[in-house]
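Heads up: the structure comes next, in structure tokens.
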Amino acid sequence: MKKTYTTVLTIAGSDGSGGAGIQADIKTFAALECYGLSVITVLTAQNTKGVTALYPMSKKCVTGQFRALASDMAIDAVKIGMLGNANIIKALAALLKELKGNPPVILDTILASSGGVTLLPPEAIHLMKEKLFPLASLITPNLPETALLLGMKYPPKTPEAIEKAATRLLETGATSVLVKGGHGEGEECYDCLLHENHYFWFSSKKINSSNTHGTGCTLSSAIAAFMAKGLTIECAAREAKSYVDRALQAGAEYRLGNGNGPLHHFCQQWR
């Protein structure tokens, strides 16, 4: 009897530079011994220096990609990244309900690029919260995204403020929330996971590197991969953070382009 792959579907934007988006997701899945499937929501023109143009797919195009995959293959987990616009959000909300087996859905709430380019129109943010948060097993906003999602003037800084923000995000409909602390002050990175009324804190020393492009994409994809393999949210988040830390450390030794370079997704496989 033939083996079966552990499959993870990424629904996200395409990054031709390979550091983030669909490309980073598929590399992460492969590095963690999963088979990657993809639905492209937005084509981007970008490099290590930033995003210069966005080309969202039509609702028909996204629907066609999704149904072609779901009608033929089992999907063990879903990762959602850049959404593009309100029409794509509406389409995905309906499509996710068609999936068989109720696989875990990890939603990376990408609102803007690291260079400040808006990747989801403000009017679509409320729709994402309304339509997709209730379908997500986990949402993974960073501190600035947390502030935008909650209408806060400034990102939360203290552990108490972060836990309060996570609770407020949970009330919007998601099952679990991981507030990523990479934008916080100090030499340590603290991430807060709220799951089943418990707060779990993960910490690691910040890595001095200019090659951080795609860190959020990679973390959410790694969580999806580990959950596809059967790990709980808490264990998946812990293992994913460890993987990202190794990829960041290894990526700091390389140079690609003239801006913010990528992580080294295959640091465990390359010699």
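The rows are residues; the columns are (1) more than 24 Å from Gly13 (Cβ to Cβ); (2) of a type in the set (D, E, K, R); (3) in contact (Cβ under 8 Å) with a residue 12 or more places away in the chain; (4) in a loop (DSSP other than H, G, I, E, B).
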site	(1), (2), (3), (4)
Trp201	yes, no, yes, no
Asn211	no, no, yes, yes
Leu219	no, no, yes, no
Leu248	no, no, yes, no
Leu256	no, no, yes, yes
Phe266	no, no, yes, yes
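For the range 170-198, filtered to residues that are at pLDDT 95 or above and among the hydrophobic types (A, V, I, L, M, F, W, C), the residue that is nearest to Gly116 (Cα to Cα) is Val179. Residues in the range 182-195: is at least one charged (D, E, K, R), closer than 24 Å to Leu9 by Cβ, part of a loop (DSSP other than H, G, I, E, B) and touching a residue at least 24 places away in the same chain (Cβ under 8 Å)? The answer is no; no qualifying residue exists. Checking Ala24, Ala30 one by one, the residue that is modelled with pLDDT of 95 or more, hydrophobic (A, V, I, L, M, F, W, C) and either farther than 19 Å from Tyr243 by Cβ or buried (at least 22 other Cβ atoms within 10 Å of the Cβ) (or both) is Ala24 and no other.
Within the range 221-243, track down each residue that is under 21 Å from Gly19 (Cα atoms) and either out of contact with any Phe, Trp or Tyr (no Cβ under 6 Å at 6 or more places or on another chain) or without any contact (Cβ under 8 Å) to a residue 60 or more places away in the chain (or both).
Selection gives Ser221, Ile223, Ala224, Phe226, Ala237, Glu239, Ala240, Lys241, Ser242, Tyr243.
Restricting attention to the range 195-229, the residues that are surrounded by fewer than 24 Cβ atoms within 10 Å (Cβ to Cβ) and over 15 Å from the mean Cα position of the chain (by Cα) add up to 17. Search the range 75-118 for residues being of a type in the set (Gly, Ala, Ser) and either touching a Pro at 6+ places or on another chain (Cβ under 9 Å) or closer than 17 Å to Met57 by Cα (or both), and hand back the single one that is surrounded by the fewest Cβ atoms within 10 Å (Cβ to Cβ). Only one residue tops the list, namely Ala94.
Within the range 89-103, being of a type in the set (Gly, Ala, Ser), closer than 16 Å to Leu127 by Cα and touching a residue at least 24 places away in the same chain (Cβ under 8 Å) holds for Ala91, Ala93. Of the strands (runs of 3 or more DSSP E) lying entirely inside the range 1-59, those containing at least 1 residues that are among the hydroxyl-bearing types (Ser, Thr, Tyr) and in contact (Cβ under 8 Å) with a residue 60 or more places away in the chain span 7-14.
Being crowded, with 16+ Cβ neighbours inside 10 Å and assigned to a loop (DSSP other than H, G, I, E, B) is the filter here; which residues of the range 230-246 pass it? Selection gives Leu231 alone.
The values are calculated or read from the model by the stated rules, or taken from the named source; none is laboratory data. Just so it is clear, the structure is predicted and the values come from calculations on it, not from any experiment. In this analysis, Cβ positions are derived from the backbone assuming ideal geometry, glycine residues included, and neighbour counts consider all displayed protein chains.
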